[in-house]
Number of protein chains: 6
Amino acid sequence: MLVEFGRTRVLCAASVQTGVPRWRRDSGLGWVTAEYAMLPRATNTRNDRESVRGKIGGRTHEISRLVGRSLRACVDYKALGENTVILDCDVLEADGGTRTAAITGAYVALADAVAWMRDRKLVRSSPLVGSVAAVSVGVIDGEPRLDLCYEEDVAAETDMNVVCTGDGRFVEVQGTAEGQPFDRAELDALVDLAAGGCAELTRIQQEALES
Amino acid sequence: MLVEFGRTRVLCAASVQTGVPRWRRDSGLGWVTAEYAMLPRATNTRNDRESVRGKIGGRTHEISRLVGRSLRACVDYKALGENTVILDCDVLEADGGTRTAAITGAYVALADAVAWMRDRKLVRSSPLVGSVAAVSVGVIDGEPRLDLCYEEDVAAETDMNVVCTGDGRFVEVQGTAEGQPFDRAELDALVDLAAGGCAELTRIQQEALES
Amino acid sequence: MLVEFGRTRVLCAASVQTGVPRWRRDSGLGWVTAEYAMLPRATNTRNDRESVRGKIGGRTHEISRLVGRSLRACVDYKALGENTVILDCDVLEADGGTRTAAITGAYVALADAVAWMRDRKLVRSSPLVGSVAAVSVGVIDGEPRLDLCYEEDVAAETDMNVVCTGDGRFVEVQGTAEGQPFDRAELDALVDLAAGGCAELTRIQQEALES
Amino acid sequence: MLVEFGRTRVLCAASVQTGVPRWRRDSGLGWVTAEYAMLPRATNTRNDRESVRGKIGGRTHEISRLVGRSLRACVDYKALGENTVILDCDVLEADGGTRTAAITGAYVALADAVAWMRDRKLVRSSPLVGSVAAVSVGVIDGEPRLDLCYEEDVAAETDMNVVCTGDGRFVEVQGTAEGQPFDRAELDALVDLAAGGCAELTRIQQEALES
Amino acid sequence: MLVEFGRTRVLCAASVQTGVPRWRRDSGLGWVTAEYAMLPRATNTRNDRESVRGKIGGRTHEISRLVGRSLRACVDYKALGENTVILDCDVLEADGGTRTAAITGAYVALADAVAWMRDRKLVRSSPLVGSVAAVSVGVIDGEPRLDLCYEEDVAAETDMNVVCTGDGRFVEVQGTAEGQPFDRAELDALVDLAAGGCAELTRIQQEALES
Amino acid sequence: MLVEFGRTRVLCAASVQTGVPRWRRDSGLGWVTAEYAMLPRATNTRNDRESVRGKIGGRTHEISRLVGRSLRACVDYKALGENTVILDCDVLEADGGTRTAAITGAYVALADAVAWMRDRKLVRSSPLVGSVAAVSVGVIDGEPRLDLCYEEDVAAETDMNVVCTGDGRFVEVQGTAEGQPFDRAELDALVDLAAGGCAELTRIQQEALES
């Protein structure tokens, strides 16, 4: 499925594979993992392909891990059985917030894959124990702002990515001072704003899954 | 730009960079190169990412080289000056004929980039000396056929990729016997069929560029 | 310098190199970067060397980036001039909290290196605009706790790493739900606890630098 | 065995290994694969070793795949049983036409290996259903020419590699316009010339195998 | 365990793993291997990490092999059973003689690991058939000298590493002319000196193991 | 040039390149380096290509370094000027003693290259200050033996590689106990035998260079 937030476009796909990684075999538990990548021309100036350079960069690694960890927060490994779901998030066009768009879209792809597994009786009960959605928020000119595009992102003094469950709890809170360190009041304002944004996305995800 | 042939979808983008590879410096001549890749879920069963495996596979290398070589056939390096155009062809969905779709789409992306360069006076005269388009043809049950989808491709006894210029000459002819070797009559029939298919694509490319 | 927190031991070293990475040349600005790694026997069961596997794992990448970003928060690039400081953080023994120990120790190594540069007149004014320290906190059996050792870390429901400046503001807040998602009250309690821990570490860093 | 065409010298060796690649296991079918490489001083100016660079170049990949595909055209996988034959083609000296020399020589090495397998009763019937040989042809100053040496190869307007079976059918036809695109008449002339060259090589292969 | 010779400090650790490498399976025999590495700041000017460069350098490879080979000289593979001991030698600070310090320290780590295995009844009889120790010797200004520090090492005309068993026989003798070739008399003098040095180290190893 | 010792065959080539590695620039001194490799079918059972595996093995690294170091013993870097000679030693067939054959042959290739440089006035005086040759010796059934073939090599209790200059001094002495450690008498006997073998090879090298 293709997720679009402003001019950011991310293709999210879930693949179900029988079996789990070696370290998890014979545990009766499933696994969910994610791979995030950007096409070379997703940004305005071309980036070299990581396959050509022969190694994955730190940023790609970091985001892939974040996406996988976030999605695992809504999964019941026992109900999944010894199956692995791989979530591929490929950024076709990047204009800020690609990692949070990837998480939000990957949840929909995962829910679709789970529905497909239930149809084929590959799982008995639903391995989903909730939903996850994510937003990026930032402080610009002293003001907390939701969903920064690339230009705002660059200008932001503080940048925060928040992943929430559908019932409003937190899975991941990552705040980073880009320029000046931030104080407790700013931290609180950003968390509030993000929680509201996630709630709105949860609603949109449900609509997408129902249609 | 997004090229679609049947269910095959390839995203083709041209990036212009000042300067040329080291071996070509101070020659006054430009360079055109291409990188082809498939998203992991472009096919029905997921393929591992080449960036994760840490090396580019032989098939990817071979197709990237073919795309670059084909596009260079319509370029005047002198008119291009010491600039490099990189053509990125990323397969979003694969259902046969991805390499020929990539060549056909890359030409349109290249022509767009050349127009952009002319607008900004980065080149004086057009570095394009013609156009290129490509088709795949094959023999199925003894019959020559144009534009094979994936299932036909697998079933084909002979598989041929042909790249033509807009004036009907050949840039590349690659015929491979998948099952039985083919004879001269079959070779001739496939070349005829392909030449006709390329002529039709040339017309469609012109329309796309004019709109 | 060797940092010890409980049984965790991290060797932190700062190396000053003339010049900056290519993308920053001729800007008049310096750069600070970090590399984090674990010896194969830092943990109880041996880990394969990343040099032998030929690639750096995602966890190593993620922590190296966090350490670098945190230390850059207290650096004035202009005062540093076109010099690069590389912070090497090698974990000799790991018992929880290695990334926060690395940040706290790297600050002391950086301050030492800056003093050495000032002694040799390599910089005119101090490139340090403050100090940074980091702690890990977590929720165990519903209780917020500071400085988790490995066994507690594994048992923690929520795990948070917080990087503060010496004047009590935040550079980085990274909270992750390991088991159940956490609510706003837990987030607040953890942030409070972490801020107190960082203040204590700031004091210890000053003592170490004065001696 | 050492193949010599003009000053081109290629060492071709066939190795028989019990078992087949993972994706082919338990099919009852065998496999044939090839690896082509050049010694660093095969050419006049030294090329870096691909083992030192840590990756295989696109040209090497492309030729290895061509050699393997060509040789598989004369193999009956069922008669081969679950065995793998690896054909190593190492260019000691390169003066044009190394890929076609490799194919022609690899066939002789394969036929020798098959004879050795039959002697030891490793196969019941012959897994060879024919022979393959290959030539390179090109257009120089408007004239079709067989067996180009390096200097002619560089000067050629069109370059074509053709792989034929011993009974005169085509396994692979790869024509590439190096300078100007070629027309249908040139294509026909080159194919005719190549077919004649392959027939001559087939005769020489038989003589070599009989002695 | 941490070995210190002058300012050289090497951390040596032995890890016992059940099973042996693939090529040794089902032989009933064990295996001993070693990995040597230097921290980036072990030397005065920082060295790049081999994990970051993505490949192990020739010097590291060579020393790892020497350490493994030397230690295997005192091991009875049969008594070890199908277990593997990995000896990690990580140089924290380097001031000459790191490879011989690694061998001497690795023996103590190995003997400790063997004692641990005997305590847990993982082996019936001792897999150690003797001990090994190593020294580096060199000729400086015409004089044979034991235990060269880095500055002496650089100045040495001849450099020799000698590995002896506890009963005074030789496991490895590696003499290298750094400047002028050496004659037979110099070779003899160095071997005598080294044998004496190893005997002294053997005594120190025994003391360390008894305490 | 092709060196043959018994059934061992090594192709040795010297390539002269203008310039030296980065760390040696502007020193006025030249450099000599070597790369050793084995073709996959040099041995009786095929070895995987290091280019395919994507990394160079420890044995290859170790031998390349030994060959380079040995050849540098007879070179005057000042007379060579800022030129680099690369010695490629490719083993076509291996039956013991490949590293010593490589050194002995590389010297002849180097002397040829030096003569070529003198002819073209690329150097004023000869950069060769002597010659080097190498042999392998071993103890078999208690008897010292020269030039072990592969089967003897495997059976040898002690294995020693010795590199001598043409005037009978030692450049490298590498003795390794394969089974039992060796005593001083054995060491002496092997060194004597090797010195005699090198003297004989020096004579043969001179003959080869004069013809």
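The values are calculated or read from the model by the stated rules, or taken from the named source; none is laboratory data. These numbers were taken from a predicted model, which means no experiment stands behind them. Note that each Cβ is placed from the backbone with ideal geometry, even for glycine, and that neighbours are counted across all protein chains shown. Accessible surface areas use protein heavy atoms only, side chains included; no ligands, DNA or RNA. Shrake-Rupley method; radii C 1.70, N 1.55, O 1.52, S 1.80 Å.
Here are the numbers for the structure shown:
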read-out	value
Qualifying position, being over 25 Å from D:GLY68 (Cα atoms) and either within 11 Å of chain B (Cβ to nearest Cβ) or part of a helix (DSSP H, G or I) (or both), among D:ALA189, D:ALA199, D:ALA194	D:ALA189
Among (1) out of contact with any helix residue (DSSP H, G or I) (no Cβ under 6 Å at 6 or more places or on another chain); (2) more than 26 Å from E:GLY68 (Cα to Cα) - the single one F:PHE182 does not satisfy	(2)
Whichever residue in the range B:175-185 is surrounded by fewer than 21 Cβ atoms within 10 Å (Cβ to Cβ) and either in a loop (DSSP other than H, G, I, E, B) or touching a residue at least 60 places away in the same chain (Cβ under 8 Å) (or both) and, among such residues, is nearest to the other protein chains (Cβ to nearest Cβ)	B:ASP183
Looking only at the range A:161-170, and only at residues there that are in contact with a Ser or Thr (Cβ under 7 Å, 6 or more places away or on another chain) and over 27 Å from C:GLY168 (Cβ atoms), the one that is surrounded by the most Cβ atoms within 10 Å (Cβ to Cβ)	A:THR165
Long-range neighbours under 9 Å by Cβ, at least six apart or interchain, first residue open to solvent by 50 Å² or more (accessible area, probe 1.4 Å) within the range C:1-19, second of a type in the set (Lys, Arg)	C:LEU2/C:ARG9; C:GLN17/E:ARG46
Search result, residues across the range B:135-160 that are in contact with a Ser or Thr (Cβ under 8 Å, 6 or more places away or on another chain), part of a strand (DSSP E or B) and open to solvent by less than 20 Å² (accessible area, probe 1.4 Å)	B:VAL135, B:SER136, B:GLY138, B:VAL139, B:THR158, B:MET160
Residue count, the range E:77-101 (criterion: within 15 Å of E:VAL171 (Cα to Cα) and within 14 Å of another protein chain (Cβ to nearest Cβ))	1
Some residue of the range C:145-167 being out of contact with any helix residue (DSSP H, G or I) (no Cβ under 8 Å at 6 or more places or on another chain) and of a type in the set (Val, Ile, Thr)	yes
Enumeration of residues in the range A:139-173 that are of a type outside the set (Asp, Glu) and either away from chain C (no Cβ under 14 Å) or out of contact with any strand residue (DSSP E or B) (no Cβ under 9 Å at 6 or more places or on another chain) (or both)	A:ILE140, A:GLY142, A:PRO144, A:ARG145, A:LEU146, A:LEU148, A:CYS149, A:TYR150, A:VAL154, A:ALA155, A:ALA156, A:GLY168
Residue satisfying all of: in the range F:112-134; part of a helix (DSSP H, G or I) and more than 25 Å from F:LEU39 (Cα to Cα); most open to solvent (accessible area, probe 1.4 Å) among these	F:ASP119
Output for the range D:41-97, where each listed residue is of a type in the set (Val, Ile, Thr), assigned to a loop (DSSP other than H, G, I, E, B) and surrounded by fewer than 21 Cβ atoms within 10 Å (Cβ to Cβ)	D:THR43, D:THR45
Residues satisfying the stated conditions in the range A:55-65, i.e. under 22 Å from B:TYR36 (Cα atoms) and touching a residue at least 12 places away in the same chain (Cβ under 8 Å)	A:THR60
Residue tally, condition of a type in the set (D, E, K, R) and under 27 Å from F:GLU35 (Cβ atoms), over the range D:1-42	5
Matching residues in the range F:25-40 - criterion: being more than 11 Å from every other protein chain (Cβ to nearest Cβ), among the acidic types (Asp, Glu) and surrounded by 15 or more Cβ atoms within 10 Å (Cβ to Cβ)	none
Complete set of residues in the range E:191-211 that are closer than 20 Å to F:ASP159 by Cα and open to solvent by less than 10 Å² (accessible area, probe 1.4 Å)	E:VAL191, E:ALA194
Cross-chain or 6+ apart pairs with Cβ under 6 Å, the range C:186-211 first and closer than 19 Å to C:GLU143 by Cβ, then surrounded by fewer than 20 Cβ atoms within 10 Å (Cβ to Cβ)	C:ALA189/C:PRO144; C:LEU190/C:PRO144; C:LEU193/C:PRO144; C:LEU193/C:LEU146; C:GLY197/C:LEU146
Index of the failed condition, A:GLY105 passing every other in (1) surrounded by fewer than 23 Cβ atoms within 10 Å (Cβ to Cβ); (2) out of contact with any Lys or Arg (no Cβ under 7 Å at 6 or more places or on another chain)	(1)
Sole residue being modelled with pLDDT under 95 and within 14 Å of another protein chain (Cβ to nearest Cβ), chosen from E:ARG124, E:ARG53	E:ARG53
Cβ-Cβ under 7 Å pairs, at least 6 apart or on other chains, the range D:40-54 side closer than 20 Å to F:ARG65 by Cβ and small (Gly, Ala, Ser), far side open to solvent by less than 40 Å² (accessible area, probe 1.4 Å) and not in a loop (DSSP other than H, G, I, E, B)	D:SER51/F:ALA37; D:SER51/F:GLU50; D:SER51/F:SER51
Hits in the range D:91-139 - residues which are touching a helix residue (DSSP H, G or I) at 6+ places or on another chain (Cβ under 9 Å) and among the acidic types (Asp, Glu)	D:ASP95, D:ASP112
The range D:146-165 residues that are aromatic (Phe, Trp, Tyr), paired with ones that are open to solvent by less than 60 Å² (accessible area, probe 1.4 Å) (beta carbon under 6 Å, 6 or more apart)	D:TYR150/D:ASP95; D:TYR150/D:GLY96
